[in-house]
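*Asks:* A single structure is presented below for examination.
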Amino acid sequence: MAKQSDRPPSSGYLLWHVSLRWRVAMDRVLGPLGLTHAQYAVVASLYSMEQSGVRPSQRQLADYSGLEPMYVSRLARQVEGSGLVERKDNPADPRAVQVTLTDKGVETVRSALAVVRELEDRYLEPLGGADSPENLELRRRLQALLEHADSLKGAAAPDLQPYSSGD
């Protein structure tokens, strides 16, 4: 039987701390481009949608990015103030706001994508880099966890027992 000190912390703890460190690192590399991690999530998602030929509403952008609609609205106003996006009435739905990248926004996103790829490769060195089979497996497992978490939305909270180390 493994000693408690030989066992890594819980998966939730590790996921939380990896994500915290990732967010701090993202803010550091994106800061010189005038972006925060959250703003990057919006403009990179918008860039991806536009590359696919979609001119999304803020709501569609929120759904695509996985962020809350009100948060996307606030972030879109921030990056609009920086000249990265334009927000205008959606001709197909007068209640919706359509969001598009400006030329400056496209240039900024392309620069951001390059620094984020470099950061991701550095973070994934212990797994052999971003293109390694180990990273592909990690991505598959994280995707499975994400899909499972999405399937639990709206489900009743489980009757949790006090934390047990499983020993």
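The values are calculated or read from the model by the stated rules, or taken from the named source; none is laboratory data. Note that the structure is a prediction, hence the values are computed from the model and not measured. With ideal geometry, Cβ positions are generated from the backbone for all residues, glycine too; neighbour counts draw on all protein chains shown. Side chains included, ligands, DNA and RNA excluded: accessible areas come from the protein's heavy atoms. Shrake-Rupley method; radii C 1.70, N 1.55, O 1.52, S 1.80 Å.
*Asks:* With respect to Y123, determine if the residue is open to solvent by 20 Å² or more (accessible area, probe 1.4 Å), within 16 Å of the chain's Cα centre (by Cα), of a type in the set (S, T, Y) and more than 16 Å from A38 (Cα to Cα).
*Replies:* Spelling it out, Y123 is indeed open to solvent by 20 Å² or more (accessible area, probe 1.4 Å), within 16 Å of the chain's Cα centre (by Cα), of a type in the set (S, T, Y) and more than 16 Å from A38 (Cα to Cα).
*Asks:* Let me ask something additional. Any idea how many residues of segment 43-73 are without any contact (Cβ under 8 Å) to a residue 40 or more places away in the chain and not small (G, A, S)?
*Replies:* The total comes to 14.
*Asks:* If you take the residues in segment 65-97 that are within 19 Å of the chain's Cα centre (by Cα) and surrounded by fewer than 17 Cβ atoms within 10 Å (Cβ to Cβ), which one is nearest to P32 (Cα to Cα)?
*Replies:* By that ranking, first place goes to Q78.
*Asks:* Also, I was wondering about something else. Taking interchain pairs and intrachain pairs at least six residues apart, which have beta carbon atoms under 6 angstrom, with the first residue in segment 4-16 and surrounded by 11 or more Cβ atoms within 10 Å (Cβ to Cβ) and the second polar (S, T, N, Q)?
*Replies:* none
*Asks:* Please work out which one of (1) aliphatic (A, V, I, L, M); (2) open to solvent by 90 Å² or more (accessible area, probe 1.4 Å); (3) at pLDDT 65 or above is the condition L138 fails and give its number.
*Replies:* Among (1) aliphatic (A, V, I, L, M); (2) open to solvent by 90 Å² or more (accessible area, probe 1.4 Å); (3) at pLDDT 65 or above, the lone unmet condition for L138 is (2).
*Asks:* Then there's this: Test D131 against the criterion of being closer than 28 Å to G31 by Cβ, open to solvent by 100 Å² or more (accessible area, probe 1.4 Å) and modelled with pLDDT under 95, and give yes or no.
*Replies:* Yes, satisfied.
*Asks:* Return yes or no: is W22 open to solvent by 70 Å² or more (accessible area, probe 1.4 Å) and within 25 Å of D131 (Cα to Cα)?
*Replies:* Judged against the criteria, W22 is not a match.
*Asks:* Would you pick out the residues in segment 7-29 that are within 19 Å of A41 (Cα to Cα) and among the aromatic types (F, W, Y)?
*Replies:* The answer is W16, W22.
*Asks:* In segment 102-125, which residues are in contact with a helix residue (DSSP H, G or I) (Cβ under 6 Å, 6 or more places away or on another chain) and without any contact (Cβ under 8 Å) to a residue 60 or more places away in the chain?
*Replies:* Across segment 102-125, the qualifying residue is only L124.
*Asks:* Tally time: how many residues in segment 41-60 are open to solvent by less than 30 Å² (accessible area, probe 1.4 Å), more than 18 Å from D150 (Cβ to Cβ) and under 15 Å from the mean Cα position of the chain (by Cα)?
*Replies:* Total meeting the criteria: 5.
*Asks:* Out of (1) in contact with an Asp or Glu (Cβ under 8 Å, 6 or more places away or on another chain); (2) without any contact (Cβ under 8 Å) to a residue 40 or more places away in the chain, what's the single condition that is false for D89?
*Replies:* (1) is the only condition that D89 fails.
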